[in-house]
Amino acid sequence: LIFLFKLLGFFMYKNIYIALFILFSISSPLTLKAEEDFTLGVDIGYGFLDIGADETAQTIANLSGSTVTYEADTGAWMGRIYGDFEVAESLYVDIGFFLTGSVDAKYTLSGVTATESYSANGVDASLVFKQGKKEGFFVKGGVHSSTVDGSASITISGTTYAANAAASGTGFLFGGGYDFADDSRIGYTFYSDLGGLTKADLAYIYYGFRF
């Protein structure tokens, strides 16, 4: 487990192929453990993400000497695929790949509007305590390595202003939820410091299925 966490801290995963390699690599315990000890799952939901639009608007206002108004999305759709396997009674290792949709912010200066868009993806690893193998509550805690993709600048009326550019980094996560007997689940996960950015926290609410 220590090796997995160090691996996440070292690599800044940028595409699904690397994530899938990690995901499938953990399936090797299937050759040693019973099939029911390993689970694949897919979650889909909504991720609440603050992209710092208020700070960008203030920066543009300070540089331009004019009033800047802005509108920003509170989040976007988000999906996650994962695999988990039991390492002790009621204790599981969970590794997954997550991806968000586009979170947009619009800035208006002297009647001219410009838009910036951000999205995020990453790999996470956590320890999960489950109340029951098939049904019950679960809680989790772990780490993530993630990337936030965005514009490095915004141009309004021919003038270019700095914005929050793409960033990669690590952070912590925690969450919980409930597994139903029909292999569906609901849950919530909080990702701190998405892309290594101190104020870019992500709150993920989801519904999913286990296979």
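Here are the numbers:
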{"item": "Potential lengthening between PHE209 and SER90 on full extension [0.36 nm per residue; Cα-Cα distance subtracted]", "result": "40.9 nm"}
{"item": "Residues whose placed amide H lies under 5 Å from that of SER151, excluding near-sequence neighbours", "result": "SER117"}
{"item": "Proportion of all alpha-carbon pairs of the range 123-211 beyond 22 Å (%)", "result": "43"}
{"item": "Förster radius 45 Å - calculated FRET efficiency between SER110 and VAL42, Cβ distance, rounded to 0.05", "result": "0.45"}
{"item": "Modelled FRET efficiency - R0 22 Å, SER192 with THR74, Cβ distances, 0.05 increments", "result": "0.80"}
{"item": "Top positive-direction residue, dipole computed over the range 150-211 with Cβ charges, set LEU173, SER157, LEU197", "result": "SER157"}
{"item": "Partners for LYS140 among aspartates and glutamates (Cα-Cα distance below 19 Å; same-chain residues under 8 apart left out)", "result": "ASP37, ASP43, ASP84, GLU86, GLU89, ASP94, ASP124, ASP179, ASP183, ASP193, ASP201"}
{"item": "Loop-located GluC sites (Glu not before Pro) in the range 57-160, at most 10 other Cβ atoms within 10 Å (DSSP)", "result": "GLU89"}
{"item": "The range 160-211-the range 110-138 distance, computed between alpha-carbon centres (Å)", "result": "2"}
{"item": "Percent of C-alpha pairs per 10 Å bin, the range 53-179, short to long", "result": "12, 32, 23, 17, 11, 5, 0"}
{"item": "Extension gain from GLU55 to PHE129, taking 0.36 nm per residue of separation minus the Cα-Cα distance", "result": "22.8 nm"}
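None of the figures in this text is laboratory data; all of them are computed from the coordinates on show. What you see is a predicted model; the values in this text were computed from it and never measured. Quick reminder, even Gly has a Cβ in these numbers, built from the backbone with ideal geometry, and neighbours come from all protein chains shown.
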